[in-house]
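Reviewing the structure listed below.
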Ligand code: DQA
């Protein structure tokens, strides 16, 4: 079984981008963490990043029948994208929304997510560890529902 981890815009600059907000770890560090966690959960990892909304929609379509679960940090698109929301709604497998920061104690516009009410779970403010928590959850759910 495969767990997909999808990262939205500007996350390619993790580590360099506002380190006081997002920390010093790079996206490659996050990928390594996801690899270890996926392996421990008995899952294969498909890890992606895109700065383009339509590319994220296409990735969700491509993966929709092929994965045990999806972990998505849609970054700024979280707060704007009905298209990504509608794509997530066609995925049968569980989708977990992750944000590195606690979006509820930042600017008010980050407090609203177009995704939160169509996903299985949401993890915010746990740093990059949120990705590992989400992958562990997908592993738990996929072990409970084989096939
Ligand atoms: C983020 C929070 C978003 O509001 C922001 O646009 C990001 C990253 C997070 O992981 O904390 O790019 O999704």
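The values are calculated or read from the model by the stated rules, or taken from the named source; none is laboratory data. Only a predicted model underlies this, so the values are computations on that prediction, with no experimental measurement involved. Neighbour counts are summed over all protein chains in view; Cβ atoms, including those assigned to glycine, are modelled from backbone coordinates with ideal geometry.
All of 39, 85, 64, 31 fail the test of being at pLDDT 95 or above, loosely packed, with under 14 Cβ neighbours inside 10 Å and away from the ligand (no atom under 12 Å from the Cβ), apart from 39. None of 121, 127 is within 15 Å of the chain's Cα centre (by Cα) and in contact (Cβ under 8 Å) with a residue 60 or more places away in the chain except 127.
I need a count of the residues in region 125-147 that are outside any loop (DSSP other than H, G, I, E, B) and farther than 24 Å from residue 64 by Cα. Here the count works out to 1. Go through region 90-122 and give me each residue that's within 10 Å of the ligand (Cβ to nearest atom), more than 20 Å from residue 66 (Cα to Cα) and in contact with a strand residue (DSSP E or B) (Cβ under 9 Å, 6 or more places away or on another chain). Residues satisfying the conditions are 98, 99, 100, 101, 102, 103, 110, 113. Within region 44-55, does at least one residue satisfy the condition of being farther than 24 Å from residue 17 by Cα, surrounded by 14 or more Cβ atoms within 10 Å (Cβ to Cβ) and within 16 Å of the ligand (Cβ to nearest atom)? Checking region 44-55: not a single residue is farther than 24 Å from residue 17 by Cα, surrounded by 14 or more Cβ atoms within 10 Å (Cβ to Cβ) and within 16 Å of the ligand (Cβ to nearest atom).
All conditions but one from (1) in contact (Cβ under 8 Å) with a residue 40 or more places away in the chain; (2) within 16 Å of the ligand (Cβ to nearest atom); (3) in contact with a strand residue (DSSP E or B) (Cβ under 9 Å, 6 or more places away or on another chain) apply to residue 132; the one that does not is (3).
Within region 90-120, being touching a helix residue (DSSP H, G or I) at 6+ places or on another chain (Cβ under 9 Å), surrounded by fewer than 16 Cβ atoms within 10 Å (Cβ to Cβ) and under 20 Å from residue 2 (Cβ atoms) holds for one residue alone: 90. Are any of the residues in region 4-24 more than 14 Å from the ligand (Cβ to nearest atom), under 14 Å from residue 69 (Cα atoms) and within 14 Å of the chain's Cα centre (by Cα)? Yes; the residues of region 4-24 include at least one that is more than 14 Å from the ligand (Cβ to nearest atom), under 14 Å from residue 69 (Cα atoms) and within 14 Å of the chain's Cα centre (by Cα).
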